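Below is one structure, written out as structure tokens; the observations come after it.
The values are calculated or read from the model by the stated rules, or taken from the named source; none is laboratory data. In this text the structure is predicted, and so the values were computed from the model without any measurement. Here the Cβ is made from the backbone with ideal geometry for all residues, glycine too, and neighbour counts use every protein chain on show. These accessible areas exclude ligands, DNA and RNA; they are computed on the full protein's heavy atoms, side chains included. Shrake-Rupley method; radii C 1.70, N 1.55, O 1.52, S 1.80 Å.
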Amino acid sequence: ETGALPGGVTFVDNRNGTGTLSGTPTASGVYSIGFTASNSAESPATQTFTLTVNQAPSITSASNTTFVMGTAGSFTVTTTGYPTASLSETGALPSGVTFVDNRNGTGTLSGTPTASGVYSISFTASNSVGSPTQTFTLTVNQAPLITSASNTTFVMGTAGSFTVTTTGYPAPSISEAGALPSGVTFVDNHNGTGTLSGTATVSGVDSISFTASNSVGSPTQTFTLTVNQAPSITSASNTTFVMGTAGSFTVTTTGYPAPSISEAGALPSGVTFVDNRNGTGTLSGTPTASGVYSISFTASNSVGSPTQTFTLTVNQAPAITSANNTTLTVGTAGSFT
């Protein structure tokens, strides 16, 4: 025998007109060798001989990969084996992703997936020796997105709750940044949602932010928490003016948003009420008549409209209205008022 044999294979002349090519080859491929038969009678006879060593296919690439939804991705399936293995895929792929056998012992899983999740598929490598199958996991991640509104309103002194919602795969974790009003807290529910809740003890507008994070990204949403407060009239429920003299009384309130104030009931001539549009109102003027006037004030915002009963007393300076003289007669009973 002439020519290089694969490792593990030998040739032996059996000295009986036969020879044996045998062994366990350690490498695949095509080996061109030659056999020569010789005796004393004639010229030697030579045969060109081809030894083909096939190899069972094996998939050598990883058994999983990760794509990102909305982003082009690619993964190459690689094999060993002789003849070169063909590759096939079974199982549902996400929309936008396909598999192609490159006919050179490799295959390409590629595309832009339109849905996230975990897809269990399999690859089979086949040649004349065998057809092993590899179980494969394709994970399609999705960048997180906060899908809930960017604001909410609580009422001071009343329990409130707001759920922050997201999309994304894996399910994003959610964190909060910024000062919350006393009595309000934020909790990540570890399922792609978070809860802003509690009973606020102060009113006002709080600017905070939420961040949703997974392995793909960490977008932040600016968020406004408004804590409203029911209105309350905090000024006295009565006042006194003097007829003919200018007087003024300020109605004060608490509440958020700042309440508007309205007045109901008949005022004395010369006296008016004005809402100052800043949570106060002014009762003022120069009354032209004395007496007691029962009126009411109502403070209104988006939370409520409480009413206060109010008494306006208009006093009048004393004046003697009778004549400044009278005449009595001696010896006769008389009287003057």
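Can you give the alpha-carbon Rg of the chain over 2.2 N^0.38 Å, where N counts its residues? Don't skip to the end; give the middle numbers.
Numbers: Rg = 49.0 Å, N = 337, 2.2 N^0.38 = 20.1 Å.
For the chain, the normalised Cα radius of gyration is 2.44.
If the chain linking Val129 and Ala289 were pulled fully straight, counting 0.36 nm for each residue of separation and taking away their Cα-Cα distance, it would gain 45.9 nm. Summarising the amide proton neighbourhood of Gly217: residues at separation of 5 or more, or on other chains, whose placed amide H is nearer than 5 Å comprise an empty set. Under 1.5 on a/c is rounded, so check that first for the stretch 1-48, then, if it is not, pick prolate when a/b is larger than b/c and oblate when it is not; a ≥ b ≥ c are the square roots of the alpha carbon gyration tensor eigenvalues. Here the stretch 1-48 falls in the oblate category. Taking Cα centre as origin and charging only the Cβ of basic (Lys, Arg, +1) and acidic (Asp, Glu, -1) residues, the dipole magnitude of the chain rounds to 540 debye. Selection among Thr65, Gly117, Val97 by position relative to the dipole of the chain gives Gly117 as farthest towards the positive end (Cβ unit charges, Cα centre). Candidates Thr211, Thr79, Gln134 compared by Cα position along the dipole of the chain: farthest toward the positive end lies Thr211, with charges placed on Cβ. For the peptides 213-226, 2-15, 135-148, the ranking by packing is 135-148, 213-226, 2-15, with the highest mean count of neighbouring Cβ atoms within 10 Å listed first.
Across the options Ala266, Thr10, Phe154, the greatest Cα extent toward the positive end of the charge dipole of the chain (unit charges at beta carbon of Lys, Arg, Asp, Glu) belongs to Ala266.
The residues of the stretch 218-275 have, on average, 46 Å² of accessible surface per residue, using a 1.4 Å probe with all protein chains present.
Rg/Rh, computed from the Cα trace of the stretch 18-79 with Rh as the Kirkwood radius, has the value 1.39.
Can you work out the FRET efficiency for the pair Ser40 and Val12, with r the C-beta to C-beta distance and R0 = 25 Å, to the nearest 0.05? Between Ser40 and Val12 the formula returns 0.70. Working from Cα pairs under 8 Å separated by at least six residues, relative contact order for the chain is 10 percent.
Three principal axis extents of the stretch 78-151 based on alpha-carbon atoms, in descending order, are 65, 18, 16 Å. Within the accessible surface of the chain, defined with a 1.4 Å probe on protein heavy atoms only, the carbon and sulfur portion equals 51 percent. A simple spin-label model places pseudo-atoms 7 Å from Cα toward Cβ; at Thr112 and Ala159 they are separated by 4.8 nm. Taking 0.36 nm per residue of sequence separation and removing the Cα-Cα distance, the Thr220/Thr252 pair yields an extension gain of 7.5 nm. Rg/Rh for the stretch 114-158 (Cα atoms only, Rh after Kirkwood) is 1.51.
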